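Peer 1: Input: one structure, supplied below.
The values are calculated or read from the model by the stated rules, or taken from the named source; none is laboratory data. Remember, predicted model here, so these are calculated numbers, not experimental data. So basically every Cβ, Gly included, is an ideal-geometry build from the backbone, and we count neighbours across all protein chains shown.
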Amino acid sequence: MFSFFKNTSETEKLEKEYKKLLNEAYILSKTNRTKSDEKTYEAEQIAIKIKELKK
């Protein structure tokens, strides 16, 4: 109900950003493959950060 009181962890923020970037990469893959690859690369960098935080 009051989700604005809930504090999000750094991992949750990164996971949200990761999903957003993958979605953008998917959309771009239909029109611009180069930009899609860039978004995928950014998402993979965030995935590495998530793995480091979960250790």
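Peer 1: Taking residue 53 as meeting all but one of (1) outside any helix (DSSP H, G or I); (2) at pLDDT below 95, write down the number of the exception.
Peer 2: Single failed check for residue 53: (1).
Peer 1: Given the structure, is residue 40 modelled with pLDDT of 95 or more and surrounded by 12 or more Cβ atoms within 10 Å (Cβ to Cβ)?
Peer 2: Details: modelled with pLDDT of 95 or more: yes; surrounded by 12 or more Cβ atoms within 10 Å (Cβ to Cβ): yes.
So residue 40 fits the description; yes.
Peer 1: State which residue is farthest from residue 48 (Cα to Cα) when the search covers only the stretch 12-29 and only residues that are exposed (fewer than 15 other Cβ atoms within 10 Å of the Cβ) and within 8 Å of the chain's Cα centre (by Cα).
Peer 2: First, pick out the residues of the stretch 12-29 that are exposed (fewer than 15 other Cβ atoms within 10 Å of the Cβ): 12-13, 16, 19-20, 23, 26-27, 29.
So of that shortlist, the ones also within 8 Å of the chain's Cα centre (by Cα) come out as 16, 19-20.
Working: 16: 14, 19: 14, 20: 16 Å.
Restricting to residues being exposed (fewer than 15 other Cβ atoms within 10 Å of the Cβ) and within 8 Å of the chain's Cα centre (by Cα), the top hit is 20.
Peer 1: Six or more apart or on different chains, Cβ under 8 Å: which pairs go from a residue in the stretch 39-55 that's without any contact (Cβ under 8 Å) to a residue 40 or more places away in the chain to one that's exposed (fewer than 15 other Cβ atoms within 10 Å of the Cβ)? Could you list them?
Peer 2: Filtered contacts from the stretch 39-55: 50/11.
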